[in-house]
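Asker: A single structure is presented below for examination.
The values are calculated or read from the model by the stated rules, or taken from the named source; none is laboratory data. Fair warning: this is a prediction, and the values are worked out from it, not measured in the lab. For neighbour counting, all protein chains shown are included, and Cβ atoms are generated from backbone atoms with ideal geometry for every residue, glycine included. Surface areas here come from the heavy atoms of the whole protein model, side chains and all, with no ligands, DNA or RNA. Shrake-Rupley method; radii C 1.70, N 1.55, O 1.52, S 1.80 Å.
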Amino acid sequence: MADVWLAGAGMTRFGHHERTLPDLMAEAARAALAAAEIEQPEAIVVAAMNPEEFVGEGAFASRIATFLGFSRTPALRVETATSSGAAAIFAAFAAIAAGLYRSVLVVGGEKMTHLPTPRVSEIIGRSIDPEERAYGTTMPALAGLVTRAFMARSGVTLKEISQVSVKNHSHGARNPLAHFREPVTLDEVMESRVVADPLRLFHCCPISDGGAAVVLTAERTSVRVAGIGQGNDYMAVRYRESLTSFRATQAAAQVAYQMAGFGPERVEVAEIHDAFAPFELISLEDLGLVPPGKAAHATMEGETALEGRLPVNPSGGLKARGHPLAATGIAQVVELVWQLTGQAHGRQLQARVALAHSIGGLATNNWVTLLERVD
């Protein structure tokens, strides 16, 4: 299998935009191509979760390729719910590793803020098991259920969960492309309105617009895709072995570590899918980045802050950077490329190995990507 490298990365500011989704994705794509010094990729992989309903457009791979001026460039669309961006990176990785192409543009995005919140929740809820959805289940409701079980099993408190939000807002304040750039206090998080008990507003990521893109290549650069793995679980939560850990994350991590030839001990910075604050704690343990039962303690002790032993979500994470669904898995990799190459201005870390973790649906279709700086 041929090595696959990251040649360029770009993204828009995340938040509320009046511009169209193709325009946002084009901004990110052109920035990534410029950084890679590539005028035209050999192929394009587009990530969009549900543009038919969000913006009323289909055939979206061809739509974006045409909008970019690459009408005759092979293009395909990838969708695995909220992890679609990470899945698109995998599709490009596989195509280059197999020798089919030497350069692939990966671009993802979402435009959601123009719709009422209940409508956005309804569309996102399509990634929940239909029978469970028929009983009125929503994504926040399932996340609240998982959180209650996690607190009961582990003894983690709402204060410890809230510290995740405080940390990630602090990081987002240093990221000029983040949706939220204001720090929040522990009291503000814990006193925000209830969304799905015990989750409060500041435990949940925002509805965001935005685009992100990377260029993968067979040509050697300074950042290598060391490993990438996918893991899946029952869509129906009622069939799962556990509510308090995500099998899909554990499986994806195992595959990625095996491909890379190293384990979590080498990871120096991570971007973790924190659509809900407790998911960061659960995922830290599922990924092997902290020992079982120690994620809350590590967070409270500052180990996952920018100045800590293992900085987590230096971009601000989904919680503060924002979560334009299919852009998110790509934006995580964009942040890590910038961290590994000294371009994360205002929040720069010193790291050689980085991990991106993306959740699809309610931890149904998850991905782990490992990046390594090679001098």
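Asker: Checking GLY231 against (1) touching a strand residue (DSSP E or B) at 6+ places or on another chain (Cβ under 6 Å); (2) open to solvent by 10 Å² or more (accessible area, probe 1.4 Å); (3) not basic (Lys, Arg), which test does it fail?
Answerer: (2)
Asker: Among the residues that make up the stretch 305-313, is at least one of them within 17 Å of the chain's Cα centre (by Cα), modelled with pLDDT of 95 or more and either on the phi > 0 side of the Ramachandran plot or of a type in the set (A, V, I, L, M, F, W, C) (or both)? Show your work before the answer.
Answerer: At the first step, the residues of the stretch 305-313 found to be within 17 Å of the chain's Cα centre (by Cα) are 311-313.
Then keep just the ones that are modelled with pLDDT of 95 or more; that gives 311-313.
Retained after the next criterion (residues that are either on the phi > 0 side of the Ramachandran plot or of a type in the set (A, V, I, L, M, F, W, C) (or both)): 312-313.
Yes: the stretch 305-313 contains one or more residues that are within 17 Å of the chain's Cα centre (by Cα), modelled with pLDDT of 95 or more and either on the phi > 0 side of the Ramachandran plot or of a type in the set (A, V, I, L, M, F, W, C) (or both).
Asker: Another question about this same structure. What's the number of the only condition in (1) open to solvent by 10 Å² or more (accessible area, probe 1.4 Å); (2) more than 30 Å from ALA92 (Cα to Cα); (3) not acidic (Asp, Glu) that LEU199 fails to meet?
Answerer: The number of the failed condition is (1).
Asker: Name every residue in the stretch 9-51 that is open to solvent by 20 Å² or more (accessible area, probe 1.4 Å) and among the β-branched types (Val, Ile, Thr), in order of residue number.
Answerer: Hits for the stretch 9-51 are THR20, ILE38.
Asker: When GLU265 is evaluated against the numbered criteria (1) farther than 24 Å from ALA212 by Cα; (2) in contact with a strand residue (DSSP E or B) (Cβ under 8 Å, 6 or more places away or on another chain), which criterion, by number, is the only one it fails?
Answerer: It fails just one condition, (2).
Asker: Which one of these is out of contact with any Lys or Arg (no Cβ under 9 Å at 6 or more places or on another chain) and without any contact (Cβ under 8 Å) to a residue 60 or more places away in the chain: ALA152, ALA143?
Answerer: Values: ALA143 fails: without any contact (Cβ under 8 Å) to a residue 60 or more places away in the chain.
Result of the check over ALA152, ALA143: ALA152.
Asker: Among the residues of the stretch 150-165 satisfying the criterion of being outside any helix (DSSP H, G or I) and open to solvent by 50 Å² or more (accessible area, probe 1.4 Å), which is farthest from GLY308 (Cα to Cα)?
Answerer: Of the residues in the stretch 150-165, the ones outside any helix (DSSP H, G or I) are 155-157.
After this cut, where a residue has to be open to solvent by 50 Å² or more (accessible area, probe 1.4 Å) as well, the list is 155, 157.
Working: GLY155: 23, THR157: 21 Å.
Going through the qualifying residues, I end up with GLY155.
Asker: Residue pairs, Cβ under 7 Å, 6 or more apart or interchain, first in the stretch 245-264 and on the phi > 0 side of the Ramachandran plot, second modelled with pLDDT of 95 or more and assigned to a helix (DSSP H, G or I). List them.
Answerer: none
Asker: To continue, here is another question. With ASN175, ASN168 as the choices, which residue is open to solvent by less than 30 Å² (accessible area, probe 1.4 Å), part of a helix (DSSP H, G or I) and closer than 25 Å to GLY211 by Cβ? Full working, then the answer.
Answerer: Working: ASN175 fails: part of a helix (DSSP H, G or I).
Going through ASN175, ASN168 in turn, just one is open to solvent by less than 30 Å² (accessible area, probe 1.4 Å), part of a helix (DSSP H, G or I) and closer than 25 Å to GLY211 by Cβ: ASN168.
Asker: Now, a different point. Quick check on the stretch 115-140: of everything there that is without any contact (Cβ under 8 Å) to a residue 24 or more places away in the chain and in a helix (DSSP H, G or I), which residue is surrounded by the most Cβ atoms within 10 Å (Cβ to Cβ)? If you could, list the steps in order and put the result at the bottom.
Answerer: Keep residues of the stretch 115-140 that are without any contact (Cβ under 8 Å) to a residue 24 or more places away in the chain, which gives 116, 118-119, 121-122, 125, 130, 133-137.
Filter once more, keeping what is in a helix (DSSP H, G or I): 118-119, 121-122, 125, 130, 133-134.
On the way: PRO118: 9, ARG119: 13, SER121: 14, GLU122: 14, GLY125: 19, PRO130: 9, ARG133: 16, ALA134: 9.
Once the filter is applied, the top-ranked residue is GLY125.
Asker: From GLY308, GLY293, which residue is without any contact (Cβ under 8 Å) to a residue 12 or more places away in the chain, surrounded by fewer than 24 Cβ atoms within 10 Å (Cβ to Cβ) and not polar (S, T, N, Q)? So that I can check it myself, show each step before the final result.
Answerer: On the way: GLY293 fails: without any contact (Cβ under 8 Å) to a residue 12 or more places away in the chain.
Going through GLY308, GLY293 in turn, the sole match is GLY308.
Asker: Right, next: Which one of these is touching a residue at least 40 places away in the same chain (Cβ under 8 Å), open to solvent by less than 20 Å² (accessible area, probe 1.4 Å) and either more than 27 Å from PHE150 (Cα to Cα) or of a type in the set (Gly, Ala, Ser) (or both): ALA327, ALA298?
Answerer: On the way: ALA298 fails: touching a residue at least 40 places away in the same chain (Cβ under 8 Å).
The conditions single out ALA327.
Asker: Which condition number does HIS345 fail, the rest of (1) within 22 Å of ALA36 (Cβ to Cβ); (2) under 10 Å from the mean Cα position of the chain (by Cα) being met?
Answerer: (2)
Asker: Mind checking which pairs have a first residue in the stretch 270-287 that is within 16 Å of GLN254 (Cα to Cα) and open to solvent by 10 Å² or more (accessible area, probe 1.4 Å) and a second that is assigned to a helix (DSSP H, G or I) and of a type in the set (Val, Ile, Thr), Cβ under 8 Å, 6 or more apart or different chains?
Answerer: What qualifies is ASP286/THR249.
Asker: Going by the conditions given, is LEU336 more than 28 Å from ALA92 (Cα to Cα) and either in a loop (DSSP other than H, G, I, E, B) or in contact (Cβ under 8 Å) with a residue 40 or more places away in the chain (or both)? Give the steps one after another, and end with the answer.
Answerer: Details: more than 28 Å from ALA92 (Cα to Cα): no; either in a loop (DSSP other than H, G, I, E, B) or in contact (Cβ under 8 Å) with a residue 40 or more places away in the chain (or both): yes.
Taking the combined requirement at face value, the residue does not satisfy it.
Asker: Continuing with the same structure: Scan the stretch 65-97 for residues that are open to solvent by less than 30 Å² (accessible area, probe 1.4 Å), under 23 Å from the mean Cα position of the chain (by Cα) and aromatic (Phe, Trp, Tyr) and report the count.
Answerer: Adding up the residues that qualify gives 1.
Asker: Hey, among the residues in the stretch 178-196 that are more than 19 Å from HIS273 (Cα to Cα) and touching a Lys or Arg at 6+ places or on another chain (Cβ under 9 Å), which one's surrounded by the fewest Cβ atoms within 10 Å (Cβ to Cβ)?
Answerer: Among them, the one singled out is ARG193.
Asker: Counting just the residues of the stretch 242-256 that are open to solvent by 30 Å² or more (accessible area, probe 1.4 Å) and out of contact with any helix residue (DSSP H, G or I) (no Cβ under 7 Å at 6 or more places or on another chain), which one comes out farthest from PRO292 (Cα to Cα)?
Answerer: VAL255
Asker: Note down all Cβ pairs under 8 Å where the first residue falls in the stretch 172-190 and is of a type in the set (A, V, I, L, M, F, W, C), the second is open to solvent by 80 Å² or more (accessible area, probe 1.4 Å) and assigned to a loop (DSSP other than H, G, I, E, B), and they're at least six residues apart or on different chains.
Answerer: Hits for this filter: ALA173/ARG181; ALA173/GLU182; ALA173/PRO183; LEU177/ARG13; ALA178/ARG13.
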